[in-house]
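Scroll down for the structure; my scribbles are underneath it.
The values are calculated or read from the model by the stated rules, or taken from the named source; none is laboratory data. Note that the coordinates shown come from a computational prediction; the quantities given were computed from them, not determined experimentally. Cβ coordinates were reconstructed from backbone atoms using ideal geometry, including for glycine residues, and neighbour counts include every protein chain displayed. Only protein heavy atoms, including side chains, enter the accessible area calculation; ligands, DNA and RNA are left aside. Shrake-Rupley method; radii C 1.70, N 1.55, O 1.52, S 1.80 Å.
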Amino acid sequence: MKKIPYARQDISEEDIESVVRVLRSDYLTQGPAVDSFEADIASKIGVRHALAVNSATSALHITCLALGLGPGDWLWTSSISFVASANCGRYCGARVDFVDIDPVTYNICPTALADKLERAEKAGCLPRILVVVHMCGNSANMLEISVLSARYGFRVVEDASHALGGQYQGRYVGCCLYSDATIFSFHPVKIITSAEGGMIVTNSSKLHSKLASFRSHGITRDRAHMINGDNHGDWYYEQIDLGYNYRMSDVHAALGRSQLERLDRFVSKRNELAEIYGKELAELPIKFPRQESGTYSSYHLYVVRIMGTPKSPSRDEVYIHMKQAGVHLNLHYIPIYRHPYYEKFGYNPHEFPHSEKYYQEALTLPLYPAMTLEDQAFVISNLKNILK
Ligand SMILES: *Cc1c(COP(=O)(O)O)cnc(C)c1O
């Protein structure tokens, strides 16, 4: 029987050769492949600095730390995202709150954000950091968010785990025109992969050097940054912060760098498949993804909404039917405040009406660059069978 996943990596012979070349070289980690991958990402995105780490989760953690997040602070993020967008706040001892989504784009709703900021200002609990998620690869409205950030003084971190290769106002998502830093994920389901891995990009040299320290134990070998740096041999280094080992290995970097060469091709293939879904499913009782104006989505995810009228099947029925046919759909995401770990902090679901409705209706259709037209046709005909 057919088995179609919702996402899958695309590995070429060149990718395999790049990895094998590192395995035969002198350095498996802390060698030249990481530097090259960072330089390639920075030049591709059009940003001054890039720092590779072992996951986007680690990237979010040290970015929050480097921006000074700590106990007593608030971090806000979108209520519909992967839990890592919020967990980074908890790692730093900060409290976490959520902003409802826009019902059309599924990104943070700028109006909901503005209302919540106004209330928070009165209550004296404005956030220090807002983690903006570019849901499904479709850029959030960064311009409106940056106006609010200037007015209320919070920092902006873009969680672009979905959005590598997507565009906003004619530039690649993540160029940090409206943010302090952007993070990317290279997990196999994402746009390009290094197996596990993440990257932080920023235009701030100060932030970059703090991040580099946190990535590797808080250790520095740069005399300019040392506290007791004089009168020591070349062997001398200092730990000046409490950092981590969040480094990316050269083996992973070689895979990521080789994949990066195919980024634009991956994204245009995703857009082609998305267009076919839009055309072929147009007659069905579902809502299609829509984009902010001035954006080009990387289509990490193709999320439809199953309205489930008395005459048509519910989202859950569609999910089960498709699974029986061998098509593994998914739900991105359960609202973060509904996870038991977060429930205990006492969020009120009524504060997030668009997230609640989204959670009832959303379904992710399979979409990945290696998907054949035949497999896509199989998905489409099964959806038609159940929904027509
Ligand atoms: C995948 C993902 C992450 C975490 O990425 P890892 O590299 O697996 O740590 C964070 N945020 C979002 C929105 C994601 O989709």
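Key figures
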{"read-out": "Neighbours by Cβ (under 7 Å, 6+ apart or cross-chain): first from the range 81-96, basic (Lys, Arg); second modelled with pLDDT of 95 or more and part of a strand (DSSP E or B)", "value": "Arg90/Val96; Arg95/Trp74"}
{"read-out": "Residue match in the range 87-95 (condition: of a type in the set (Lys, Arg), over 18 Å from the mean Cα position of the chain (by Cα), away from the ligand (no atom under 16 Å from the Cβ) and not in a loop (DSSP other than H, G, I, E, B))", "value": "yes"}
{"read-out": "Whichever residue in the range 26-35 is at pLDDT 95 or above and surrounded by fewer than 17 Cβ atoms within 10 Å (Cβ to Cβ) and, among such residues, is farthest from the ligand (Cβ to nearest atom)", "value": "Asp26"}
{"read-out": "Residue ID - nearest to Leu367 (Cα to Cα), chosen from residues in the range 111-126 that are open to solvent by 10 Å² or more (accessible area, probe 1.4 Å) and in contact with a strand residue (DSSP E or B) (Cβ under 9 Å, 6 or more places away or on another chain)", "value": "Ala112"}
{"read-out": "Selection count where residues are within 8 Å of the ligand (Cβ to nearest atom) and not aliphatic (A, V, I, L, M), scope the range 76-86", "value": "3"}
{"read-out": "Close pairs (7 angstrom Cβ cut-off, 6 or more residues apart or separate chains): acidic (Asp, Glu) in the range 38-56, part of a helix (DSSP H, G or I) and away from the ligand (no atom under 16 Å from the Cβ) anywhere", "value": "Asp40/Arg257"}
{"read-out": "Candidates Leu65, Leu69, filtered to the one that is closer than 30 Å to Ser355 by Cα, open to solvent by 20 Å² or more (accessible area, probe 1.4 Å) and either in contact with a Cys (Cβ under 7 Å, 6 or more places away or on another chain) or without any contact (Cβ under 8 Å) to a residue 40 or more places away in the chain (or both)", "value": "Leu65"}
{"read-out": "Selected residue (criterion: farthest from Glu13 (Cα to Cα)) from residues of the range 260-294 that are of a type outside the set (D, E, K, R) and touching a Ser or Thr at 6+ places or on another chain (Cβ under 6 Å)", "value": "Pro285"}
{"read-out": "Residue match in the range 66-75 (condition: within 16 Å of the ligand (Cβ to nearest atom) and either within 19 Å of Gln291 (Cα to Cα) or at pLDDT below 95 (or both))", "value": "no"}
{"read-out": "Wholly enclosed helices (runs of 4 or more DSSP H) of the range 335-388 bearing at least 2 residues open to solvent by less than 60 Å² (accessible area, probe 1.4 Å) and in contact with a strand residue (DSSP E or B) (Cβ under 9 Å, 6 or more places away or on another chain)", "value": "353-361, 373-387"}
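So that you can scan it fast, the table gives a plain yes or no per residue for (1) more than 27 Å from Leu75 (Cβ to Cβ); (2) within 16 Å of the ligand (Cβ to nearest atom); (3) surrounded by fewer than 20 Cβ atoms within 10 Å (Cβ to Cβ):
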| position | (1), (2), (3) |
| --- | --- |
| Lys2 | yes, no, yes |
| Asp10 | yes, no, yes |
| Asp15 | yes, no, no |
| Val20 | yes, no, yes |
| Arg24 | yes, no, yes |
| Ile45 | no, no, no |
| His49 | no, no, no |
| Asn54 | no, yes, no |
